[in-house]
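Below is one structure; the comments refer to it alone.
What follows is calculated from the coordinates using simple rules that are stated; it is not laboratory data. Remember, it's a predicted structure, so these values are computed and weren't measured experimentally. Cβ sites come from the backbone with ideal geometry, for glycine too, and all protein chains shown count toward neighbours.
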Amino acid sequence: MEITDRTPIVEPGHSYGSVNREISAIPLTPVRRTPLGWILGFFVSFLVMLLFLYAVTILFVYGVGIWGINIPVGWAFAIINFVWWIGIGHAGTLISAILLLMRQEWRTSINRFAEAMTLFAVANAALFPILHLGRPWLFFYLMPYPNSMHLWPQFRSPLVWDVFAITTYMTVSALFWYMGLVPDLATMRDRATNKWAKRIYGIMGLGWRNSVRHWNHYQSVYWLMAALATPLVLSVHSIVGMDFAYGVIPGWHSTIFPPYFVAGAVFSGFAMVLTLMIPLRAFIPSLRDFVTKRHLENMAKVMLAMGLIVAYGYMTEIFNAFYIGDAYDVFMTLDRFGGFYAPAYWLLILCNILIPQLLWFKAIRRNPLILFFISLAINVGMWLERFVIIVQSLSKDFLPSSWHIYLPTIWDIMTFIGTIGLFLTLIFLFVRLLPAISIFEMRELIHHDSHAGEHGGQHKGSDQDSHASEGTPAD
Amino acid sequence: MRRAQKPIEQDARELYGLLAKFNTQDELIAASDRTYQEGYRKFDAYSPYPVADLARSMHLKSSPLPFVMLAGGIMGGVGGFLMMTYASVIDYPLNIGGRPLFSWPTYIPITFELTVLLSALAGILGLFFFARFPQPYHPVFNSEDFNEHGSQDAFYLSIEAGDPQFDLERTRSFLENLGSAQVSEIEA
């Protein structure tokens with residue numbers, strides 16, 4: 001960690017007691033004293049989610065014909081939203097796993113929330129390919145299972161890889177998230193005064209009692225899960241990238257797709273963490289002590305770096321089209337600049353490349369309001385990026401007679417907006433019912449911080465071993 | 001921890017052991033170190049956050065779970081690869097543009113995913129097995145003080161009555177001499 005930045009990762013003056021109290025106070029607030037803001041936010045999100053249920057019901061009744069898709073644009077909103085949501089999910093795993101392995105202590109106060117975001121985003125993402133199937137009730141055909149038709153999935157197809165990647169990612173994220181929650185659920189169990197709250201947290205807490213024998217197993221699994229999740233994130237979005245790269249469509253058939261998709265996913269994911277964290281911080285003042293400006297600034301830096309990689313990806317695509325000189329690739333690129341979908345392209349360049357350049361300035365990185373708007377712009381930009389890649393590339397393929405313009409119908413839009421409602425509903429429930437910040441890791445952090453104070457700032461790693469040798473008490 | 005069930009009427013308030021409370025992590029580390037040196041083996045320490053030195057001072061063996069996860073990962077990877085080979089080469093060969101049936105590089109992504117999936121599942125199931133989850137009852141929960149502070153801000157050490165070295169008076173004074181803030185008896 002950098003030495004020059006003295007901004008604390010936890011505001012001073014916190015002890016074990018205050019950490020326990022302040023984080024658990026939010027889920028343990030009695031039902032009757034639920035803040036009005038929460039009720040209002042939940043209500044609106046829930047209404048938007050109902051929109052999703054309505055759109056999906058109509059979809060199941062009438063089929064995908066109600067969407068604007070046509071031939072050649074057979075993949076449109078469903079796949080755009082799939083890629084967008086799964087990309088948002090990746091930041092959560094990155095924060096919880098990669099930053100854990102790199103011992104970035106500042107991650108502690110945001111990892112739980114980011115993991116929850118991952119889980120909900122991936123759940124949304126997984127819905128779309130299934131909705132996009134002509135007969136969604138037969139989705140289990142995608143899995144290899146002994147069946148009376150003697151058929152197997154085509155294991156050489158990236159679309160089948162995707163099924164495995166998403167299923168694995170969802171399972172591992174859920175396990176990792178729940179595992180991280182168990183010690184905190186025990187704390188919640190012990191702090192709850194309501195009989196039912198105590199029981200429910202107790203059952204979910206599995207009887208965790210903070211025994212060192214448990215911690216011993218727990219820690220080794222937790223670190224290994226993090227070590228597994230790290231390459232998993234990269235593989236998942238690489239496979240998503242290969243869904244496209246394996247196709248022969250100009251604009252898709254490119255080896256840069258897997259890494260460029262991963263960078264784009266992290267970029268949009270961090271933007272989404274900021275989009276959610278900044279209002280949460282504004283509405284729940286006690287969180288400001290744990291999610292400090294240092295966190296916002298660090299996330300902004302990651303976003304800037306990822307944004308530059310994404311920009312490099314865009315440049316490479318353009319360069320390659322002209323360097324290779326293939327007539328179809330050149331045409332596709334020129335169409336991107338000046339064709340029907342050009343406004344979407346230039347808007348995404350504005351949102352993903354130009355606006356994030358503001359993040360070079362420290363004052364902007366530390367200004368929550370501006371950061372919030374930048375993160376919103378990036379979310380929009382990354383959605384448009386997938387729109388352009390999918391719709392624009394497909395709409396003008398090799399044969400002019402098959403060209404078709406795609407425009408979304410109201411059902412496309414309702415389904416998309418509806419998943420945002422579903423996502424926010426889950427986020428509201430999560431913040432209300434579970435500790436949104438990892439309590440036990442905060443306790444650990446507080447111990448480290450106070451310890452660093454005692455030893456005049458000499459800190460990190462090496463002092464770990466000195467504990468055992470610090471003299472035994474006199475007897 | 002699992003002991004023969006005795007009829008309830010015979011000994012309604014059987015002793016599980018002694019529970020000593022400490023205020024700091026360092027005191028607990030020193031105490032568990034001394035407890036081990038003294039010859040006690042059936043004892044446990046409780047800390048509201050993971051402390052690597054505690055496992056060391058208790059002379060705990062390192063967790064076998066990494067090997068469980070490795071085994072799960074190997075099963076997933078090898079099993080997945082063989083499944084795809086069987087499906088694509090033997091059971092359901094599809095000629096796609098004359099490409100070889102055993103086109104193993106295309107099996108790698110799913111092999112990797114299944115390695116991770118089974119390894120993670122093995123880790124969690126192994127954790128449940130070794131930590132004996134779910135375990136809704138444990139004698140230490142009989143201590144009010146433990147319920148109030150054990151998962152929040154205090155450190156505890158328990159010595160079980162089942163330990164051959166255990167002697168109520170002697171063990172109690174041993175724990176008190178370790179600098180414990182409070183020593184109490186725990187019912188089973």
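Quick notes on this structure:
- Binned Cα-Cα distances of chain B, short to long, each 5 Å bin given as a whole percent: 1, 7, 12, 13, 13, 10, 8, 6, 5, 5, 5, 5, 4, 3, 1, 1, 0
- The stretch B:58-122 versus the stretch A:265-280: alpha-carbon centroid distance in Å: 34 Å
- For the pair A:Val31 and A:Thr255 in one chain, pulling the backbone fully straight at 0.36 nm per residue adds 75.3 nm over the alpha carbon distance.
- Residue-averaged [θ]222 nm for chain B, counting only DSSP H segments that reach four residues, each worth -39500 (n - 2.57): -13500 deg cm²/dmol
- Residue with peak Gaussian network fluctuation, chain B [Cα springs, cutoff 10 Å], from B:Ile90, B:Ile124, B:Ile159: B:Ile90
- Of the residues B:Glu14, A:Glu317, the one with the fewest other Cβ atoms within 10 Å heads the list, and the complete ranking is B:Glu14, A:Glu317.
- Ordering of A:16-23, A:134-141, B:181-188 by packing [mean C-beta count within 10 Å, highest first]: A:16-23, B:181-188, A:134-141
- Partner shielding of B:100-107 amounts to 2, given as the average count of beta-carbon atoms from other chains within 10 Å of each residue beta-carbon.
- The label-point distance for A:Gln357 and A:Val330, in a model that sets each label 7 Å from Cα toward Cβ, rounds to 2.9 nm.
- Relative contact order (%) - chain A, alpha-carbon pairs under 8 angstrom, separation at least six: 31 percent
- The distance from the alpha carbon centre of the stretch A:70-141 to that of the stretch A:16-67 is 18 Å, rounded to a whole number.
- Cut-off 15 Å between beta-carbons: net charge of the residues surrounding A:Val240, Lys and Arg +1, Asp and Glu -1: -3
- Taking label points 7 Å from Cα along the Cα-to-Cβ direction, B:Leu94 and A:Thr57 give a separation of 3.7 nm.
- Entry note, the stretch A:339-383: relative contact order of 51 percent, from Cα contacts under 8 Å with a spacing of 6+ residues.
- Proportion of all alpha-carbon pairs of the stretch B:65-130 beyond 16 Å (%): 50 percent
- As a size descriptor, the averaged projected area of the C-alpha convex hull of the stretch A:206-340 was calculated at 12.9 nm².
- Sparsely packed loop sites in the stretch B:106-143 (the chymotrypsin sites (Phe, Trp or Tyr not before Pro) outside DSSP H, G, I, E and B with at most 14 other Cβ atoms within 10 Å) comprise B:Tyr137.
- Between the helical axis of A:36-62 and the longest alpha-carbon principal axis of chain A there is an angle of about 30 degrees.
- Cα-based helix-to-principal-axis angle, B:108-130 vs chain B, degrees rounded to 10: 20 degrees
- Each residue, A:Arg103 and A:Ser450, gets one label point 7 Å from its Cα in the Cβ direction; the gap between the two is 2.2 nm.
- Relative to the longest principal axis of the Cα atoms of chain A, the long axis of helix A:410-433 makes an angle of roughly 10 degrees.
- Computed over neighbours whose Cβ is under 12 Å from that of A:Ser395, the net charge equals 0, Lys and Arg +1, Asp and Glu -1.
- In this calculation the C-beta distance from B:Asp167 to A:Val44 is compared with R0 = 60 Å, giving a FRET efficiency of 0.40.
- The distance from the alpha carbon centre of the stretch A:333-374 to that of the stretch A:202-255 is 30 Å, rounded to a whole number.
- Working value for the protein assembly as shown: equivalent-ellipsoid semi-axes of 50, 29, 23 Å, each the square root of 5 times a Cα gyration tensor eigenvalue, largest first.
- Order of A:His14, B:His59 - criterion: other Cβ atoms within 10 Å of each residue's Cβ, fewest first: B:His59, A:His14
- For the stretch B:65-130: relative contact order, % (alpha-carbon pairs under 8 angstrom, 6 or more apart): 58 percent
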